[in-house]
1. Scanning for something farther than 30 Å from A:GLU218 by Cβ, in a helix (DSSP H, G or I), more than 14 Å from chain B (Cβ to nearest Cβ) and modelled with pLDDT of 95 or more, does the range A:335-356 turn up at least one residue?
2. Based on what the data block shows, is A:ALA300 assigned to a helix (DSSP H, G or I), more than 20 Å from the chain's Cα centre (by Cα) and more than 16 Å from A:VAL331 (Cα to Cα)?
3. Yes or no: the range B:31-44 includes at least one residue that is closer than 30 Å to B:GLY173 by Cα, in a loop (DSSP other than H, G, I, E, B) and either touching a helix residue (DSSP H, G or I) at 6+ places or on another chain (Cβ under 8 Å) or not small (Gly, Ala, Ser) (or both).
4. Among the listed residues A:SER199, A:SER222, A:SER205, A:SER213, which satisfies the condition of being more than 14 Å from every other protein chain (Cβ to nearest Cβ) and assigned to a helix (DSSP H, G or I)?
5. Is it the case that some residue within the range A:143-160 is within 23 Å of A:LEU57 (Cβ to Cβ) and without any contact (Cβ under 8 Å) to a residue 60 or more places away in the chain?
6. Going by the structure shown, is A:VAL324 buried (at least 16 other Cβ atoms within 10 Å of the Cβ), of a type outside the set (Lys, Arg) and farther than 26 Å from A:CYS377 by Cβ?
7. Right, B:GLY173: touching a residue at least 40 places away in the same chain (Cβ under 8 Å) and either part of a helix (DSSP H, G or I) or buried (at least 16 other Cβ atoms within 10 Å of the Cβ) (or both) or not?
8. Across the range A:175-195, what is the number of residues that are assigned to a loop (DSSP other than H, G, I, E, B) and either of a type in the set (Gly, Ala, Ser) or on the phi > 0 side of the Ramachandran plot (or both)?
Amino acid sequence: MNILVVNCGSSSLKYQLFDMPDERVLVKGNVEKIGAEDAIHGYKTDAHEGKDVKPILDHKEALRDVLAVLTSAELGILTSPADIDAIGHRVVHGGEQFALSTVINEEVTRAIRDTYDLAPLHNPANMQGIEAMEAVLPGVPQVAVFDTAFHQTMPKEHYLYPLPYVLYQRYKIRRYGFHGTSHRYVSSRVPHVVGKDLSRLKIISCHIGNGASLAAIENGRSVDTSMGMTPLEGVMMGTRSGDVDPSVLEFVIRKEGLSEEQLANMLNKHSGLYGVSGVTGDMRQIEEERSKGNARAALAFSMYEYRIRKYIGAYIAAMNGCDVLLFTAGVGENSATLRREICENLSYLGVLLDHEANEKGRGERIISKPDSTVTLCVIPTNEELMIARDTHGLVTGLQNRQNLPPMQ
Amino acid sequence: MGLGMAETIAGKGLDVILLDQTEEDLERAKDALELALQKRLAKWGITEAEKKGILSRITMTTEWEHLRDCDLVVESVWEVLEDKAEVLQAIEAVVSPETVIGSNTATLSITEMAAYCEHSDRIIGMHFHYPVVTREVVEVVRGLKTTDRTVAHAEQFIRSLEKTPVRVFESPGYITARLMMPVMNEAVNLLSEGVASKEDIDTAMKAGYGFTLGPLELADRFGLDTLVHMLDVLFRETADPRYRPSAHLRKLVRAGRLGIKTREGFYQYDELGDKLEGGVDL
């Protein structure tokens, strides 16, 4: 079964075509600058790599272009667009309605529209992708996989803010959490890596990329996560502040005469590693600058590490223990230094890092010593595969139901 | 004003042609744009990458020919009807008959301007407010012959800039100028009559009525010469004495104290246009 996984931004479209259930990636691609005369469509298979620059005015046109590439004789992947059996979409915000991935129908699209308020930058773009797909490949089942869904298992006392309750009732102001597809994927890999049943494990998952969030996962279910109603809450990130005293914002608005937009930009794009170091929001460069003796870069690194470690401590308390501490995403998978500094400062817990495995190992692996009280792992994330799996599961379920004999 | 519009439009990801009369004008525009973006960057309004993006989307030129492929053209020349009409005709000479042409005017008659044009149905008033980047309202002014299609097109464009269009039928000063010009003018009268200090006049309106800028600060930003000119236009058009420019205002303009652009109006300003404490009283 061929499943196309699509991640639509406001002017971009990332995709991967999977052969399921073999989980083989047939092609990966990316359309950038949709709406421009010089949009870029890059794609890659095992044998080919291509790049076109041409006018692509909207998401529909972008998808037609994707289909043209998939069915081109040169790549020889598909003979016709009809060979695509289902489409899986990444949708950022599922609000409270979606705790699971779901087959898209009219009711689902209405519910996704209802969450525009909560994710004004992302959900409308995701929706454009869904509508464009419906127009280009009508009748092909589409599935929505939500970033927030995995965290819908959080209990109410964890997801509510200590604000007037009426704000939750009126506007659904609460913590939702993000990176759910990633946290779910990596935690689903834990049993394979550590050889224990997921239902007995307390896991702390650190998804540390450009954006970063931690999740406390008990018996395979998310019980807490560091991002909140928006992806701004929680640990310090590349350019996002993470947690700050809300009164600071009021103070800064007054002192600097900022507008709402300027304030939001300051917190999202001018803070974090970038804001503190004054150089970059990229962890690789921060480490480089730090090793050259740049004091502000060193400060930014220490703050970043400290804030992650504090959350780890909080989640150990939240779950009353921790069996597995795992690292994933760009920084989590690649920065051995960050992992080392975090783990070395957790010695009170009985955490023993295997430096060899931490620094020299590659890919999915354990990086703690056998007698460490907590098993440390690196597990590369794969959100697209998770979306493909969900889509495959839902669509085959759908087909099986249709094939059942009628009820007597 | 034209520069602020270009900055705003390019900030929303659209390509902009900025046309001016001479290379020197464009050089000045380039410097001013660089400065404006640098200020926004310093206040976290944009990132370095966004600044580069905005600069890359604005093409500065003195060639009318460059307007040929534009979907929309907005003129923003000096508030004199004949000058604006001449510019509209020059725009019409290069663009296609469907291209919507906006006039960024605060006081003049769209119907009269459109009368100079061949396709008067696509001429529309689009009154942006200073500073364009942060002011959210745009007055959309219908002339007698402006079609629904033109209005819809203009409003859609304004919404795509995340600004709010308000519809106005043609009338001198529309909404905002008709209300604000007399307020600024009367504030100058208050000052010249010695009723209150400039700071207290501004504070009263900021603290009392939620103005983000007091009327005298606003006048400085506007340009006192522009203010006198617009009041004159309204006065001539309506013959209503409430629009007669304050004598004190005229005196300041004659003395070359035009507001922020000369670094001195009611207040004094540094080279970035930020207010200096103190300033010269009367």
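1. If we filter the range A:335-356 for residues that are farther than 30 Å from A:GLU218 by Cβ, which is where we start, we get A:356.
Those still in the list that are in a helix (DSSP H, G or I) too: A:356.
If we keep only those that are more than 14 Å from chain B (Cβ to nearest Cβ) as well, we get A:356.
Now narrow it down to the ones that are modelled with pLDDT of 95 or more: A:356.
Yes, there is a match, as at least one residue in the range A:335-356 is farther than 30 Å from A:GLU218 by Cβ, in a helix (DSSP H, G or I), more than 14 Å from chain B (Cβ to nearest Cβ) and modelled with pLDDT of 95 or more.
2. Numbers: assigned to a helix (DSSP H, G or I): yes; more than 20 Å from the chain's Cα centre (by Cα): yes; more than 16 Å from A:VAL331 (Cα to Cα): no.
It is false that A:ALA300 is assigned to a helix (DSSP H, G or I), more than 20 Å from the chain's Cα centre (by Cα) and more than 16 Å from A:VAL331 (Cα to Cα).
3. Taking the range B:31-44 as the starting set, the residues that turn out to be closer than 30 Å to B:GLY173 by Cα are B:32-33, B:36.
From the residues that got through so far, the ones that are in a loop (DSSP other than H, G, I, E, B) too are none.
No, that holds for no residue.
4. Values: A:SER222 fails: assigned to a helix (DSSP H, G or I); A:SER205 fails: assigned to a helix (DSSP H, G or I); A:SER213 fails: assigned to a helix (DSSP H, G or I).
Exactly one of A:SER199, A:SER222, A:SER205, A:SER213 is more than 14 Å from every other protein chain (Cβ to nearest Cβ) and assigned to a helix (DSSP H, G or I), namely A:SER199.
5. Initial filter on the range A:143-160 (within 23 Å of A:LEU57 (Cβ to Cβ)): none.
No.
6. Values: buried (at least 16 other Cβ atoms within 10 Å of the Cβ): yes; of a type outside the set (Lys, Arg): yes; farther than 26 Å from A:CYS377 by Cβ: no.
Against the criterion (buried (at least 16 other Cβ atoms within 10 Å of the Cβ), of a type outside the set (Lys, Arg) and farther than 26 Å from A:CYS377 by Cβ), A:VAL324 does not qualify.
7. Details: touching a residue at least 40 places away in the same chain (Cβ under 8 Å): yes; either part of a helix (DSSP H, G or I) or buried (at least 16 other Cβ atoms within 10 Å of the Cβ) (or both): yes.
Yes; evaluated as a whole, the condition is true for this residue.
8. Taking the range A:175-195 as the starting set, the residues that turn out to be assigned to a loop (DSSP other than H, G, I, E, B) are A:175-179, A:195.
Then keep just the ones that are either of a type in the set (Gly, Ala, Ser) or on the phi > 0 side of the Ramachandran plot (or both); that gives A:177, A:179, A:195.
Looking only at that region, the number is 3.
The values are calculated or read from the model by the stated rules, or taken from the named source; none is laboratory data. Predicted, not measured: the structure shown is a model, and the values here were computed from it. All Cβ positions, even for glycine, are placed from backbone atoms using ideal geometry, and neighbour counts span all protein chains on display.
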